[in-house]
Amino acid sequence: METITTACIALNASVQSKEEAIRLAGRLLADAGYIDPGYIASLEKREEVANTFLGAGVAIPHGMIEDRHLIHHTGVAVVQVRDGVAWKDGEHAKLIVAIAAQSDEHITLLRRLTRLMQRPDGIDMLVTTDDAELIVSTLADTPAQPPFPAPEALAWPSDAEQSWSVDYPNGLHARPATRWVETAKRFASEIRIYKGHEFADAKALTGLLSLGVTRGDEIRIAARGSEARRAVEALLETIQSLSADERADAERARRNALASRREAPEWTPAGEAQTLYGLPASPGLATGILVHHAGHRFDVEDQPGDVVRDGEALEAAVLAVAAELEKLEAETKVRLGASEAAIFAAHRELLADADLLRQAVVTILHGHGPAWAWKKTLGTRIEALQKLKDPLLAARATDLRDVGDRVLAKLLGVERQQLVLTAPSILVAEDLTPSDTLQLDMRYVAALAISGGGPTSHTAILARTLGLPAVVAAGTALLAAPAGRPAVVDGSVGAVYLDVSANDLNGAEAVIAKQHAAREALRESRHLPATTLDGHTVEIAANVANAAQAASAIEAGAEGVGLMRTEFLFLERDSAPGEEEQYRVYREMAETMAGRTLIIRTLDIGGDKQVPYLNLPHEENPFLGVRGARLLLTRQDLLYTQLRALYRAAAHGPIKIMFPMVTHIAEIEALREHCERAREQVGGPKLAIGIMVEVPAVAVMADRFAPLVDFFSVGTNDLTQYTLAVDRQHPELAAQADSLHPAVLGLIANTVAAAKKYGTWVGVCGGLAGDPLGARILTGLGVDELSMSAQDVAAVKAELRKTSFAEIQALARRALAARNADEVRSL
Ligand code: PEP
Ligand code: MG
């Protein structure tokens, strides 16, 4: 049976009093067979003990819990009183929504009502309509319907709109969503984010998360009110400026996942030990005593009291927790840095979500105690998040539970349990919330072993930041392991060893000591060249974005900069940097490098890196669109500003210019001419001009490109995605974008062979260069330079020093003959 039908709707009812309205609603429910007529008295009784006026002209009369036996089926009646009827304390109700609920099926209806109330026209429309069907379709709980009223039923004319195709590899999760909310809140306008017909208030975090926005979704930002246009523009800019960080995070996770796939355990127990396998979340080996972190289980009894006092208690608890979170954020910023502290800002946003609070208040109004109402509201929301198809978004339920439990603890007047550790411990938990993790006494936490969770959870991210070995998703058997026993965690392979013998424990500790010494040795030898045992040297450089990074890369052992990505100069701002600003940046870079190699890549915008102020047209396939050099050739204003700045800066130190995403001979010919013209304009020195090899066409035709350029640098990230036809950020396919694939290696070998014929220098600046096996194969293929992130420099150098050139040349030959990337890895 339907919860709401036209039979239970009284349009334009003429009632003189609140009592009359309630009785009319009750009769509609009884006549339709939802309730026994006796329940009408129960509706009236509720009014004596509570105020059912919800706000914005809506009242929700409902009976007493003890009279629920008089309900045959859950049902709703609506009485429309266009001029309103006096309710309580001077309030007037125009829409009386009487609810007879057997349990909590009506919560969805209340959510819809409260959402409608947020919009000026939402309730008005229901008060003035002559169409009972419209009321039914707006309030009905039919699963086939979109969760919110269809736009044609609820026109919401906006004053400004923009669309965006979501390119965050992990979809919209709490951290970026918090930044969206922060920006939206700077404006008085009403702002909505639409995904298809669903929408959320851009100022409410949980609503945004519930939209389940994933990569590739088209969203629409709509605003109305005085600052609508500025609000939409600012929000779009925030949204897009976060793309680079989101991509970098995903790339790191992908590399971790690939690395763990090929990692053989450095230690396994010789004796008997129970082994539980989970997922590697943070690398490293650790020993310790098992300690269980029970988490917070709150038994909540439903204790309804005075509605007003209960509402106030909830508000006080929420405010107290908000203050607590603010303090934690400040402390964490000092202890670990701004990006870790951002988790608590996200938690505060979750708490500031008006929708969440309103639902809890509505549940209190419905006759429940504040703690019960809060737990119920939270549970529904968590369940909704967990049901989302995207596991990354579903994992954010942990954040909501974390912050929700804090409020619950306050409401119940209990202290959240703090774990006291006195010896090196392996912490076992079903799931650790970020607050739990950050409040641990790090002196005694050796590792984390989590039965649930995932490698992208905030806890996993935090564990990596803290350098704490961690395994997640190890299964429930872990929770049954007896506490106080010695165990070993291998975060690199994702294993937990229980009941380890004293001998094995000693063995593991010896390996840990060796790992520690190896890390020290790496640090000490970082400035030695990457010269093989038989005397072949390959140059090791770093990929950087600015002079500060260049300086720390040199400190980490890099001998030059093989790739400076200049697009970072263009992101997170309102307009393109001018010639003078760019000149200063490149000059500082040149001075920092003090004569060392410095390859500066021109702007690589397009593809996954978008810059709103350039107003570039929307493309269906941006990776195959106007990207890199293609853009520069059509936007010569950008090209000349950058080239003139580079030629001027070259007076302060050697610079090589590199163009990204070149595909055709004609492109490099044109670019060379532009370089010469820019050079003449500013009177700079002649500079080496090279191209990235990242489009397969260039690798295949390298013999025709080589005479036209001074150097090549292979971008294995893009070369791989274009060769294997796998989007490098695709959440499911990204692991297939494996640069060790023989097809990719074959293209690199072809490039090197062609370059050698013309004496053209070849570097590699894609991710493969920083991978120890990749570096060996690339060196074996004969490349002149490897450029990577600074943190990989020392390990790659050490790896190459351990081997002979003859040996890695043979390895490269075998890799070229392999059938797939796994076969290459097994070499
Ligand atoms: C590459 O494609 O390998 C590369 C180094 O460029 P980016 O990652 O900036 O596209
Ligand atoms: Mg690239």
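Quick notes
- Of all residues in segment 555-574, those being open to solvent by 40 Å² or more (accessible area, probe 1.4 Å), farther than 16 Å from C765 by Cα and at pLDDT 90 or above number 1.
For every residue, the table says whether it meets (1) of a type outside the set (G, A, S); (2) surrounded by fewer than 22 Cβ atoms within 10 Å (Cβ to Cβ).
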site: L24; (1), (2): yes, yes
site: R27; (1), (2): yes, yes
site: Y39; (1), (2): yes, no
site: K45; (1), (2): yes, yes
site: E48; (1), (2): yes, yes
site: G55; (1), (2): no, yes
site: A59; (1), (2): no, no
site: M64; (1), (2): yes, yes
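- Selection of segment 759-780 for residues being part of a helix (DSSP H, G or I), within 16 Å of ligand 1 (Cβ to nearest atom) and under 19 Å from G746 (Cβ atoms) yields G767, L768, A769, G774, A775, I777, L778.
- Subset of segment 521-547 that is open to solvent by less than 40 Å² (accessible area, probe 1.4 Å) and of a type in the set (A, V, I, L, M) - its residue that is nearest to R596 (Cα to Cα): A541
- Number of the condition not met by S789 [criteria: (1) within 16 Å of ligand 2 (Cβ to nearest atom); (2) open to solvent by less than 20 Å² (accessible area, probe 1.4 Å)]: (2)
- Residue check for R584: within 16 Å of ligand 1 (Cβ to nearest atom), of a type in the set (D, E, K, R) and open to solvent by 10 Å² or more (accessible area, probe 1.4 Å): no
- Among the residues making up segment 592-633, those that are assigned to a loop (DSSP other than H, G, I, E, B), open to solvent by less than 20 Å² (accessible area, probe 1.4 Å) and within 24 Å of A670 (Cα to Cα) are T602, L603, D604, I605, G607, G625, R627, G628.
- Qualifying residues in segment 561-576 (those that are free of Cβ contacts under 8 Å to residues at least 40 places away in the same chain and outside any strand (DSSP E or B)) - the one nearest to V662 (Cα to Cα): L569
- Qualifying position, being open to solvent by 50 Å² or more (accessible area, probe 1.4 Å) and modelled with pLDDT of 80 or more, among R179, R261: R179
- Odd one out for L745 among (1) under 35 Å from the mean Cα position of the chain (by Cα); (2) surrounded by fewer than 16 Cβ atoms within 10 Å (Cβ to Cβ); (3) touching a residue at least 40 places away in the same chain (Cβ under 8 Å): (2)
Rundown of residues vs (1) over 29 Å from M442 (Cα atoms); (2) buried (at least 17 other Cβ atoms within 10 Å of the Cβ); (3) over 34 Å from the mean Cα position of the chain (by Cα), yes/no style:
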residue: E272; (1), (2), (3): yes, no, yes
residue: V291; (1), (2), (3): no, yes, no
residue: A294; (1), (2), (3): no, no, no
residue: D306; (1), (2), (3): yes, no, yes
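- Qualifying residue in segment 545-554 (condition: assigned to a loop (DSSP other than H, G, I, E, B) and modelled with pLDDT under 95): yes
- Within segment 650-666, being away from ligand 1 (no atom under 15 Å from the Cβ), open to solvent by less than 50 Å² (accessible area, probe 1.4 Å) and more than 14 Å from F711 (Cα to Cα) holds for A650, G653, I665.
- The number of residues in segment 667-699 being within 16 Å of ligand 2 (Cβ to nearest atom) and either modelled with pLDDT under 95 or open to solvent by 60 Å² or more (accessible area, probe 1.4 Å) (or both) comes to 0.
- Residue among R635, R627 that is among the basic types (K, R) and away from ligand 2 (no atom under 14 Å from the Cβ): R635
- Of all the residues in segment 3-22, those that are open to solvent by 60 Å² or more (accessible area, probe 1.4 Å) and farther than 14 Å from V78 by Cα number 2.
- The number of residues in segment 464-484 that are more than 17 Å from E430 (Cα to Cα) and open to solvent by 30 Å² or more (accessible area, probe 1.4 Å) comes to 5.
Quick grid of which residues meet (1) in a loop (DSSP other than H, G, I, E, B); (2) in the same structural domain as G367 (by TED's automatic domain parsing); (3) more than 30 Å from D353 (Cα to Cα); (4) touching a helix residue (DSSP H, G or I) at 6+ places or on another chain (Cβ under 8 Å):
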residue: G288; (1), (2), (3), (4): no, no, yes, no
residue: D302; (1), (2), (3), (4): yes, no, no, yes
residue: A313; (1), (2), (3), (4): no, yes, no, yes
residue: V321; (1), (2), (3), (4): no, yes, no, yes
residue: E326; (1), (2), (3), (4): no, yes, no, yes
residue: E329; (1), (2), (3), (4): no, yes, no, yes
residue: T332; (1), (2), (3), (4): no, yes, no, yes
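- Verdict on G780 being within 30 Å of R215 (Cα to Cα), open to solvent by less than 50 Å² (accessible area, probe 1.4 Å) and of a type outside the set (S, T, N, Q): no
- The residue pairs whose first member lies in segment 710-723 and is in contact (Cβ under 8 Å) with a residue 40 or more places away in the chain and within 12 Å of ligand 1 (Cβ to nearest atom), whose second member is assigned to a strand (DSSP E or B) and of a type outside the set (A, V, I, L, M), and whose beta carbons are closer than 7 Å, counting only pairs six or more residues apart or on different chains, are S713/G562; S713/G690; S713/G763.
- Given (1) open to solvent by 30 Å² or more (accessible area, probe 1.4 Å); (2) in contact with a Ser or Thr (Cβ under 6 Å, 6 or more places away or on another chain), index of the condition A550 fails: (1)
- Failed item in (1) under 30 Å from T214 (Cβ atoms); (2) open to solvent by 40 Å² or more (accessible area, probe 1.4 Å); (3) touching a helix residue (DSSP H, G or I) at 6+ places or on another chain (Cβ under 6 Å), with S739 passing the rest: (2)
- Count of segment 499-516 residues, restricted to those that are open to solvent by 50 Å² or more (accessible area, probe 1.4 Å), touching a residue at least 60 places away in the same chain (Cβ under 8 Å) and part of a helix (DSSP H, G or I), is 2.
- The one condition from (1) closer than 25 Å to L786 by Cβ; (2) in contact with a helix residue (DSSP H, G or I) (Cβ under 8 Å, 6 or more places away or on another chain); (3) not in a loop (DSSP other than H, G, I, E, B); (4) not acidic (D, E) that Q681 does not meet is (1).
The values are calculated or read from the model by the stated rules, or taken from the named source; none is laboratory data. Bear in mind that the values here come from a model prediction, so they are computed numbers and not experimental data. As a convention, Cβ positions derive from the backbone with ideal geometry for all residues, glycine included, and neighbour counts pool all protein chains shown. Areas reflect the complete protein model, heavy atoms only, side chains present, ligands, DNA and RNA absent. Shrake-Rupley method; radii C 1.70, N 1.55, O 1.52, S 1.80 Å.
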